[in-house]
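Worksheet for the structure shown next.
The values are calculated or read from the model by the stated rules, or taken from the named source; none is laboratory data. Note that this is a predicted model, so its numbers are computed, not measured. Backbone-built Cβ (ideal geometry, glycine too); neighbour counts: all protein chains shown.
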Amino acid sequence: MALLAAVLTLAGCGPRATASGSRADSASPTPSRTAGSAAPSPSAAPPSSAGSSSPTGRRKPLQGKVIVLDAGHNDGNFGHTSVIDQLVDAGGFRKPCDTTGTETNAGYHEAAFTWDVTKRLTALLRADGARVVLTRKDDHSVGPCVDVRAAVGNRAHADAAISVHADGNLLSGHGFHVMQPVRMSGGSAVLARSRRLALAVRDAYESGTGMPPANYIGTEGIDPRSDMAGLNLSTVPKVLLECGNMRNAGDAKDLSSAAFRQRIARSLDTAMRAYLR
């Protein structure tokens, strides 16, 4: 258990016990994708229609905004570890394309959790008028790789991007945290906007879900990171949210609840409204 805890602490979202890869931000849309090859066309992210005015003629709160949602990992990764173990550019260094992510002790996978939250959030954001772009189209494919996920947001010229995850850490570790980039391909202006996005997500998540900031990592729910490819390679404002610790019994109970996942989605919709207003 001590060894597992050490590995998970270093990794962020802890890998599932059967995974061979180390922790990354995500994986590749097709098993044929190799490190260094060209990223797929924008069609890799499902198209979504831009919002229009409400029937009353009022402008919707997120009308005209482009938001990229990155559901961490993918359940298809479990059967393609040779693909997700390939090294890709992570912003000045190389790291694995992705991992399988973590899971609760009852076997609820992080990839399934992030996909469900993202679908719920997509519906809310589109109702608010936003154009939503997803980095993966389902919950059974492979990937895409972390560098490709960043490229999806960059090509979309997103007003904001958020990568949704859940952590796998010490059993005593409780709470959520927001990974805030400390360097980005977009430069200092985008970095400053990402810091503001991190605070908006932190505040709305704590208020909307009632879950406290993590007691095992970061400070007051904010964790500055330089090792996350999806953040380093972004040219648009972006953060990564660890919605809770799947290895903690209390957090796992919340994250496994459909009602709580809807609260997560509503809190993130609130965060986007606050950040983009």
> If you go through the stretch 260-268 one residue at a time, do you hit one that is at pLDDT below 95, more than 14 Å from the chain's Cα centre (by Cα) and of a type in the set (D, E, K, R)?
Replying inline: no
> In this structure, does I264 turn out to be in contact (Cβ under 8 Å) with a residue 12 or more places away in the chain, within 19 Å of S207 (Cα to Cα), buried (at least 24 other Cβ atoms within 10 Å of the Cβ) and not polar (S, T, N, Q)?
Replying inline: yes
>> Suppose we filter T114, T104 for residues that are out of contact with any strand residue (DSSP E or B) (no Cβ under 6 Å at 6 or more places or on another chain) and either within 25 Å of R263 (Cα to Cα) or among the β-branched types (V, I, T) (or both); which single one remains?
In response: T104
> Which residue, of G76, G101, G92, G107, is part of a loop (DSSP other than H, G, I, E, B), touching a Gly at 6+ places or on another chain (Cβ under 9 Å) and not aliphatic (A, V, I, L, M)?
Replying inline: G101
>> Any residue in the stretch 91-112 that is of a type in the set (K, R) sitting within a Cβ distance under 7 Å of a residue that is modelled with pLDDT under 95 and buried (at least 24 other Cβ atoms within 10 Å of the Cβ)? List the pairs, counting only those 6 or more apart or interchain.
In response: K95/A24
